[in-house]
1. If one computes P(r) from the Cα atoms of segment 1-98, what percent of pairs lie at distances over 19 Å?
2. Could you give the nm distance between label points at residue 35 and residue 263, where each point is 7 Å from its Cα heading toward the beta carbon?
3. Taking the Cα centre of the chain as origin, sum charge times position over the Cβ atoms of Lys and Arg (+1) and Asp and Glu (-1), and report the length of that vector in debye to the nearest 20.
4. Run down the lysines and flag those whose C-alpha is under 27 Å from the C-alpha of residue 31, throwing out any fewer than 8 positions away in its chain.
5. When a/c is below 1.5 the answer is rounded, else prolate if a/b is larger than b/c, else oblate, so apply that to segment 21-179 with a ≥ b ≥ c taken from the square roots of the Cα gyration tensor eigenvalues.
6. Please enumerate, by chain and number, the aspartates and glutamates with C-alpha under 15 Å from the C-alpha of residue 29, excluding those fewer than 8 residues away in the same chain.
7. Go through 262, 156, 111 and say which Cα lies farthest out towards the positive end of the charge dipole of the chain; charges sit on Cβ, +1 for Lys and Arg, -1 for Asp and Glu.
8. For residue 50, project a label point 7 Å along Cα to C-beta. Then give me every residue of segment 66-87 with its amide nitrogen under 12 Å of that point.
Amino acid sequence: MSILYGIFIFAFGAVVGSFTNVLIYRLPKRKSIIFPGSHCPNCSSKIKPYDNIPIISYIILGGKCRNCKAKISIRYPIVELLMGLCYLTFFIAFYPNDLLRFIQFIILAPIFLSLSWIDIEHWEIPDELSISIIIVGLASALLIGSWNGLLNSVIAGGIGAIIFWILSKIGKKIFQKEALGEGDIILIAGLGTLVGVWGVFIVMIIGALIGMLAGFVVLFIRKNILKQKSPSSAVPFGPFLIIGAIVAILWGTKLVELYLSTFQV
């Protein structure tokens with residue numbers, strides 16, 4: 001891969017990262033992601049094109065609005081940098097040998113990142129993002145696996161949603177509060193359409209294991225470092241399901257083969 005190709009892909013990813021920031025900021029506020037255009041949330045002044053260059057503009061402006069000098073969240077360059085690095089990684093890993101996988105990941109990356117960030121910050125998963133995953137999952141299944149693949153995708157989404165719905169009802173009875181929200185149910189349905197029937201179980205298992213480990217770490221920090229009197233181990237579940245989905249997409253087939261060969265199924 002030439003250096004010029006790498007720079008172009010990174011720059012393209014950073015531009016997508018700029019749009020990802022729009023999703024992160026506006027979706028929880030139920031604002032349009034199209035109108036109005038980019039503007040300062042403090043003074044509402046329209047951001048000039050030369051002040052809207054990913055990463056670079058933030059550095060030049062010193063992390064402040066040119067008009068009102070209000071601080072700009074460090075989240076903006078971080079997300080742009082992450083997306084640029086993600087796109088460069090996808091390009092190196094998949095192009096040109098697996099073009100469909102490359103296209104799938106460049107579409108999913110901003111959805112996954114914005115969904116995870118919003119869930120961590122606001123403890124909610126916008127339905128728009130989960131539905132977008134469903135659309136990508138069904139389209140990918142149809143392109144890669146024809147009608148049989150589409151059927152597998154639909155069944156997997158249904159299995160994930162039903163299992164999570166049952167777990168949410170059981171959890172509510174046991175803990176007397178929401179254990180799994182509606183957003184988690186729609187999300188697992190979307191991820192199921194992406195990874196298929198076997199994959200959806202991988203997503204749930206890996207998501208649960210990492211989520212449980214993160215819960216112990218968070219509990220330790222809240223109890224021993226933050227000295228909270230009644231610390232909770234609760235953590236947003238969406239990001240861990242996303243990690244499980246990435247594992248299932250990249251290595252799901254190998255994990256299933258390993259399971260079948262180990263237990264002679």
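Rule-based calculations on the coordinates, nothing more; no lab input. The model shown is predicted, which means the values in this text are computed figures rather than measured ones. Reconstructed Cβ throughout: ideal geometry from the backbone, glycine too, with neighbour counts over all protein chains shown.
1. Distances greater than 19 Å cover 46 percent of the Cα pairs.
2. Label-label distance for residue 35 and residue 263, simple model: 5.4 nm.
3. 1120
4. Partners within reach: 46, 48, 64, 69, 71.
5. oblate
6. Straight-distance partners of residue 29: 119, 121, 124, 127, 128.
7. Working it through, the farthest residue towards the positive pole turns out to be 111.
8. None, by backbone N distance to the label point.
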